[in-house]
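Novice: Got a structure here, written out as structure tokens. Questions coming.
The values are calculated or read from the model by the stated rules, or taken from the named source; none is laboratory data. Note that the structure is predicted; figures quoted are calculated from it, not measured. In this analysis, Cβ positions are derived from the backbone assuming ideal geometry, glycine residues included, and neighbour counts consider all displayed protein chains. Please note that ligands, DNA and RNA were not included when accessible areas were found on the heavy atoms of the full protein model with its side chains. Shrake-Rupley method; radii C 1.70, N 1.55, O 1.52, S 1.80 Å.
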Amino acid sequence: MTHFSANSPHARDIASVLHPQTHAGRHQELGPTIMTGADGIFVRDDAGNVFLDAGAGLWCASLGYNSERLAKVAYDAMRTLGYYQIFRHASHGPAIDLSEKLLELAPVPMSKVLLQCSGSEANDTAVKLVWYYWHAQGKPEKRKIFSRRGSYHGSTCVTISLTAKPDYHAGFGLPFDGFLHTDCPNYYRDALPGETEEAFSQRLADTLEAQIMAEDPETVAAFWCDPVQGGAGALPPPRGYFQKIQAVLKKYDVLMVADEVICGFGRTGAMWGCETYGMQPDMISCAKALSAAMQPVSAVLLNERIYQAVVRQSDKYGAFIHGYTYAGHPVCTSVALETLRIYEEMDLIDHIKSVEPVFLRELGALTDHPLVGDFSGVGLIGGLELVRDKATKENWPGEVGLGARIDQHARANGLILRIVGNRIAFSPPLIITAEEVRELARRMRATLDAVYAEVSAL
Ligand SMILES: Cc1ncc(COP(=O)(O)O)c(C=O)c1O
């Protein structure tokens, strides 16, 4: 049991804060890691330890953890118009400018932007829009939504239903009915012997088609997908995957929603994951790097087909009856706009393209390590698959506590990692340099070495 003095921030945290995604009881013993400052892509805790957070917080701190320039924009916005809403025909400059900018950047023609406050809200709202669309077509029974096993799409009741991870549902009586799950496209784990990536992708598309047929296509409304599956441990799709999936969706008139919450704004080496993989969604949700994570803001981009349904339903119901108090908040949208300006000025995509080869090579080189079975990545996102036996791909048994050991040694090596099941997901700040990538890989190898020495001795 760790003891903290009564008035320390640690004791006060334990007494007052309920932490998301944290073992509540264990937190009483371990207490928090309290971050106090940052320098570029490095964060500092209250004991003076400096960490390279290989996940950029929650896949989001694209420009690092502080910014004079964005702070000034937030300050100015707060002084000019610190709040106004965009309900009932009201508007303001930053909401208009940001919406216009997002339409200009969109990877496929989009018609309107619906501003929200988080990735979860964006996806939750997009689910409502899917249902609204099919109601407008006179097909209210077309309602079921498919997502992929291992995907994470948010924590509201609906988006956690989209999230195809049973441990996120346990204890809540979720998912809601009508949220259906199809294969996770993990080629390394699930391909048949000798199966090519293209053939694997085709098999997954065939399975989805069979599932849609079994459900009755007239009841299937949409397919949800993040271009690189973050929740599955930063897993890029196999070759041909989205083309084959899209052919099935088109055949049965199933809408496609691209969750660009982690992939949007450069992560995959293009402005959007949709560009990297040739996706043609009807709607896009985005958040996180939209404001460099410095303000809570997100957006749903919808195409003309969906927008026209909203117009028709407004005639029927008197308005598009949906909205959040803080949607389009002037401070958040001002910061997002300035973030997008910064990306342009720094040639963000060029920067990512220049660092990508080093990132993929340095982390890919870790596959020579006995604990690592595979690495896959694109742009500045990548995942390491951990195995006990490279030949059989056998996993380490749960009682070894591999993840906890890796986390502990990583921190001792000045590294914060995002460990997702058998994968370690890397999504560093987008401003990371080639030299910092090398440092990340050095710390990762030192961590793997220390853990391997430990588990080999068990
Ligand atoms: C792909 C994806 N979609 C949606 C979300 C939810 O975003 P938020 O935490 O802002 O609600 C996340 C969060 O990590 C995500 O990774």
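Novice: Please find, among 307, 277, 252, the residue that is open to solvent by 10 Å² or more (accessible area, probe 1.4 Å), within 18 Å of residue 125 (Cβ to Cβ) and modelled with pLDDT of 95 or more.
Specialist: Result of the check over 307, 277, 252: 307.
Novice: Looking for something at negative phi, part of a loop (DSSP other than H, G, I, E, B), within 9 Å of the ligand (Cβ to nearest atom) and crowded, with 19+ Cβ neighbours inside 10 Å - is there at least one such residue anywhere in region 115-138?
Specialist: yes
Novice: Would you point out which residue out of 278, 328, 318 is within 23 Å of the chain's Cα centre (by Cα) and either over 22 Å from residue 117 (Cβ atoms) or free of Cβ contacts under 8 Å to residues at least 60 places away in the same chain (or both)?
Specialist: Criteria check complete, one pass: 278.
Novice: Go through (1) open to solvent by less than 30 Å² (accessible area, probe 1.4 Å); (2) touching a residue at least 24 places away in the same chain (Cβ under 8 Å); (3) outside any strand (DSSP E or B) and name the single condition residue 145 misses.
Specialist: Tallying (1) open to solvent by less than 30 Å² (accessible area, probe 1.4 Å); (2) touching a residue at least 24 places away in the same chain (Cβ under 8 Å); (3) outside any strand (DSSP E or B), residue 145 fails exactly one: (3).
Novice: How many residues does region 290-307 hold that are under 17 Å from residue 109 (Cα atoms) and either β-branched (Val, Ile, Thr) or free of Cβ contacts under 8 Å to residues at least 12 places away in the same chain (or both)?
Specialist: Total satisfying the criteria: 2.
Novice: If only one of 90, 77, 54, 95 is closer than 17 Å to residue 418 by Cα, open to solvent by less than 60 Å² (accessible area, probe 1.4 Å) and hydrophobic (A, V, I, L, M, F, W, C), which one is it?
Specialist: 54
Novice: In region 61-74, is there at least one residue being touching a residue at least 40 places away in the same chain (Cβ under 8 Å), more than 16 Å from the ligand (Cβ to nearest atom) and closer than 26 Å to residue 302 by Cβ?
Specialist: no
Novice: Filter region 193-231 for residues that are within 16 Å of the ligand (Cβ to nearest atom), among the hydrophobic types (A, V, I, L, M, F, W, C) and either open to solvent by 20 Å² or more (accessible area, probe 1.4 Å) or not in a loop (DSSP other than H, G, I, E, B) (or both) and give the result.
Specialist: The answer is 222, 223, 224, 225.
Novice: For region 238-342, which helices (runs of 4 or more DSSP H) that fit wholly inside it have 3 or more residues that are closer than 22 Å to residue 377 by Cα?
Specialist: Per the criteria, 241-251, 273-277.
Novice: Could you run through region 245-260 and say how many residues are touching an Asp or Glu at 6+ places or on another chain (Cβ under 7 Å) and either of a type outside the set (Asp, Glu) or more than 16 Å from the ligand (Cβ to nearest atom) (or both)?
Specialist: 4
Novice: Restricting to region 148-175, name every residue that is surrounded by fewer than 24 Cβ atoms within 10 Å (Cβ to Cβ) and assigned to a strand (DSSP E or B).
Specialist: 149
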